[in-house]
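The values are calculated or read from the model by the stated rules, or taken from the named source; none is laboratory data. Note that the structure is predicted; figures quoted are calculated from it, not measured. In this analysis, Cβ positions are derived from the backbone assuming ideal geometry, glycine residues included, and neighbour counts consider all displayed protein chains. SASA here: full protein model, heavy atoms, side chains in, ligands and nucleic acids out. Shrake-Rupley method; radii C 1.70, N 1.55, O 1.52, S 1.80 Å.
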Amino acid sequence: MYELINEKTLREYEEFIAAHPQGHFAQSSLWGKQKSAWVWRAVAVRNEQGKIKGALALLIRKMPVFGAAMLYACRGPVCDLDDRETLAELVQGAKALAKEYRGYVIKIDPDVSCENVAFRELLESLGFRVMQEGKNFEGIQPKFVFRLDVAGKTEEEMMASFTQKHRYNIRLAVKKGVEVRLCGQEMVEDFTRIMVETGMRDNFVTRDARYFSNILKNLGEHARLYMAFYEGQPIAGTLAIWFGDKVWYLYGASSNSHRNLMPNYLLQWNMIQWALEKKCRIYDFRGVSGDLSQDNPLYGLYKFKKGFNGEFTEFVGEFDLILSKPMYVMIDKAQKFYQHLSLLRYKLKNRDKAPDAERKD
């Protein structure tokens, strides 16, 4: 039988997902604080000894105008992926929350490899249907990522595993005078400014400074802002999150100038060093395109991350459990129109920051 997590059981819940191999920062209540426009709720299932054996956190948000709510289980569930009984109970708990909040859909994008066909079939048997079949960044979370096995590795072993070119570029950045510093709130505005340059160059909408500032506040010791400086000026930056046995490269920004100094390589190395320091199992580079053809505009991103010798990983994708089909269809169309409009407005607002050349790394 499922139960809803409350203040009394929250600490036990957090300890469970931090220790579980399927644990993810997006399933933590810390991430719920970051998503202040959403309501954070979590469901748990216990074993015969009374210990939590499965958990699922959901972000719940009322859709403007329509009044119905989306329930989104980002990178859940956290449980034994072969345990149908536990997963079914977690879904029942999610349905109960959907009834409470007038939910029209339960959306889930598990941290599970596409090779796990049995798990995909299990989700489908519970009423979910796959939605994300594209090769690029069509879903809420990336379907294709690069992951680096850092378990038990030393810095020397890790560095030796990179390609010769990547080792050279890391050392070149240091040789040319690039300095990476661990920063705080004082550098959020600079990071955001460089992030806008990146978004205009690579054709995506970026977050505002308050969002990045809140990550540092809400995640505390679990979040780090790394900034790369050249001659005292910030030229690139990254935001990373550590939780459980993983570190994730969450956001990256690089100025249109001084890219020949290879600051992005040195920034990655610093985040990988954090994963080693925390004795993690995985360093996650996050999203790349699933289209690996060299004429794909996103191929450079793939090539950059591949050089660190990580594993190209495809997840099972994004699944929806539709609770009200008419509402689902209407809101889906409205969201796609709004996203298109937002990108156009963003480009117009920041057109003076558009680069003269396309991204090369």
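Across region 42-100, the mean sequence separation of Cα contacts (distance under 8 Å, 6 or more residues apart), normalised by length, yields a relative contact order of 32 percent. Take every Cα-Cα pair in region 96-232 and report what % of them are more than 23 Å apart. In whole percent, the share of Cα-Cα pairs in region 96-232 beyond 23 Å is 63. Note on Trp242: accessible area is roughly 40 Å² with a 1.4 Å probe, heavy atoms of protein only.
Eigenvalues of the alpha-carbon gyration tensor of region 146-208, scaled by 5 and square-rooted, set the equivalent ellipsoid semi-axes at 28, 16, 15 angstrom, largest first.
With a sphere of radius 9 Å drawn around the Cβ of Arg75, what net charge do the other residues whose Cβ falls strictly inside it have (Lys, Arg +1; Asp, Glu -1)? Residues close to Arg75 contribute a combined charge of -2. When the surface is traced with a 1.4 Å probe over the full set of protein chains, Cys114 keeps roughly 50 Å² accessible.
Pairs of Cα atoms nearer than 8 Å and 6+ residues apart set the relative contact order; for region 15-144 it is 19 percent.
When the charge dipole of region 49-156 is built from unit charges on Cβ atoms (+1 for Lys and Arg, -1 for Asp and Glu) and taken about the Cα centre, the candidate among Ile52, Tyr101, Phe137 whose Cα reaches farthest toward its positive end is Tyr101. Ranked from largest, the principal axis spans of the Cα set of the chain equal 60, 47, 40 Å.
Rounded is the label for region 1-147, because a/c, from the alpha-carbon gyration tensor with a ≥ b ≥ c as root eigenvalues, stays below 1.5. If you run the Gaussian network model on the chain, springs between alpha carbon atoms under 10 Å, then out of Arg207, Arg129, Arg224 the most flexible one is Arg207.
Each residue, Glu121 and Glu155, gets one label point 7 Å from its Cα in the Cβ direction; the gap between the two is 4.8 nm. Quick one: Debye curve from the alpha-carbon atoms of region 25-104 only, equal weights, vacuum; give me log10 I(q)/I(0) at q = 0.15, 0.23, 0.26 Å⁻¹ to two decimals. For the requested q values the scattering log ratios are -0.53, -1.06, -1.23.
Our summary gives the chain a relative contact order of 22 percent, counting only alpha carbon pairs under 8 angstrom and 6 or more residues apart.
Given their separation in residues at 0.36 nm each and the Cα-Cα distance between them, Asp80 and Asp291 gain 72.9 nm when the chain is fully extended.
Taking label points 7 Å from Cα along the Cα-to-Cβ direction, Glu15 and Lys175 give a separation of 5.1 nm. Take the Cβ atoms of Thr163 and Phe204, set R0 to 25 Å, and the FRET efficiency comes out at 0.40.
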